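Right, one structure below, let's go through it.
The values are calculated or read from the model by the stated rules, or taken from the named source; none is laboratory data. These figures come from a predicted structure and were not determined experimentally. Cβ atoms come from the backbone with ideal geometry, glycine included; neighbour counts cover every protein chain shown. For the accessible areas, the whole protein counts, side chains as well, though only heavy atoms, and no ligand, DNA or RNA atoms are used. Shrake-Rupley method; radii C 1.70, N 1.55, O 1.52, S 1.80 Å.
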Amino acid sequence: MALALLALGSNMGRPRDFLQFALNELTQLGQITAQSDVYLTAAWGLEDQADFENMALALQCKLKPEELLQACLNIEAKAGRIRKQKWGPRCLDIDILFYDELVLNTPRLQIPHPQLHLRRFVLEPLQQIQPHFIHPQLQLSVQDLLDRCQDPLPVQKIASQN
């Protein structure tokens with residue numbers, strides 16, 4: 001079993017419903033061992049759009065990284081995601097942040113996610129569930145990455161996952 005750390009986000013329709021849909025679907029891929037609260041975050045990259053609701057989760061699964069990527073893309077498509085514009089609005093986005101301590105760089109998949117250390121909206125929820133996880137390339141914990149993150153966009157906890 002591998003530990004995959006994932007980021008989920010939505011800013012269309014009813015974002016919380018899309019996040020719950022993703023959680024339900026991801027349980028078919030393995031065991032969710034931790035999930036963060038939901039955070040309201042300003043859009044990153046293409047800022048002229050609705051705020052996002054984001055969360056992070058830890059998934060124990062038997063899928064290989066490429067299989068996990070395809071499964072996540074299938075879940076996004078099942079939710080109705082149509083890829084039109086980079087960083088544009090989306091009903092559901094699922095990113096693989098880490099997969100154990102694997103470093104992978106293929107045209108289709110990069111692990112660790114190449115920009116996670118620059119994005120407060122990823123680091124805040126990830127820190128909640130895995131503060132001591134070490135980035136295998138940067139050799140810094142998630143907490144250290146968050147402490148050093150210079151992303152000025154606001155991130156606010158809006159719902160607890162009790």
**OP:** Based on the mean of other Cβ atoms within 10 Å per residue, sort peptides 94-100, 6-12 so the most packed one is first.
**Re:** 6-12, 94-100
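Add -39500 (n - 2.57) for each DSSP H run of 4 or more in the chain, then divide by its residues: what number comes out at 222 nm, to the nearest 500 deg cm²/dmol?
Calculated mean residue ellipticity at 222 nm is -8000 deg cm²/dmol.
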Subject >> Scaled radius of gyration (Cα, divided by 2.2 N^0.38 Å) that the stretch 94-162 gives >> reply: 1.12
Subject >> Solvent accessible area, Å² - R119, 1.4 Å probe, full protein context >> reply: 20
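Viscosity 1.306 mPa s, temperature 10 °C: give me the Stokes-Einstein translational D for the stretch 1-57 in µm²/s, with Rh taken as the Kirkwood radius over C-alpha pairs.
130
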Original post:
In whole angstrom, and with the biggest value first, how far do the Cα coordinates of the chain range along each principal axis?
Top reply: 36, 35, 34
Subject >> ³J(HN,Hα) computed for each position of the stretch 131-139 - Karplus, 6.51 cos²θ - 1.76 cosθ + 1.60, integer Hz, glycine/proline x >> reply: x, 9, 5, 9, 5, x, 9, 7, 6
Original post:
Of Q156, L102, G13, whose Cα points farthest to the positive end of the dipole of the chain (charges on the beta-carbon: +1 Lys, Arg; -1 Asp, Glu; origin at the Cα centre)?
Top reply: G13
Original post:
Once both labels are modelled 7 Å past Cα along the beta-carbon direction, what's the Q156-R16 spacing in nm?
Top reply: 1.5
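In whole percent, what relative contact order does the stretch 87-158 give with Cα contacts below 8 Å and a gap of six or more residues?
26
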